[in-house]
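Read-outs throughout are calculated quantities, based only on the coordinates presented, and are distinct from any laboratory measurement. None of the values given here were measured: they were computed from a predicted structure. Every residue, glycine as well, gets a Cβ built from its backbone with ideal geometry; the counts of neighbours run over all protein chains shown.
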């Protein structure tokens, strides 16, 4: 579990910089830096406005991670204590990123 700060304010799961989903997935297997990662759990808040109303926001969250070149990736799970997801104004998951990514 990681302490998550989500800066993707228009994601349907974002509430007060916390995530209402319960767990997220960070991609991409080929990522070599933070800019080439993404939050694959992103959902457009305008299209899916009902999503955040179904869950309770949480700062502590389980994170699956496909970014195998990240030093925090341990068997496809994130081991970082704190994770920052960025992408203010994102319209799709490829416009988000994991700012915590550090190359091995």
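Structural descriptor for the stretch 2-98: relative contact order 41 percent, calculated from alpha carbon pairs under 8 angstrom and at least 6 residues apart. For a paramagnetic label modelled at 7 Å from the Cα of residue 95 toward its Cβ, which residues of the stretch 5-24 fall within the zone defined by backbone nitrogen distances under 14 Å? 8-12, by backbone N distance to the label point. Label zone (residue 9, point 7 Å along Cα-to-C-beta; backbone nitrogen cut-off 17 Å) within the stretch 82-104: 85-92, 96-97.
Per-residue Cβ neighbour counts within 10 Å put 26, 8 in the sequence 8, 26, beginning with the fewest. The structure shown yields mean projected area of the Cα convex hull in nm², and of the options [x] 11.8; [y] 5.4; [z] 17.9 that calculated value carries the label [y].
Each residue in 60, 1 was given a count of other beta-carbon atoms within 10 angstrom of its own, and listing them fewest first yields 60, 1.
Based on DSSP, what percent of beta bridges with both residues in the chain are antiparallel, to the nearest 5? Approximately 65 percent, going by the DSSP bridge assignments. Determine, from the Cβ-Cβ distance of residue 28 and residue 56 and an R0 of 25 Å, the FRET efficiency 1/(1 + (r/R0)^6), rounded to the nearest 0.05. Efficiency, from the Cβ-Cβ distance: 0.30. The order of 30, 59, going from fewest to most other C-beta atoms within 10 Å of their C-beta, is 30, 59.
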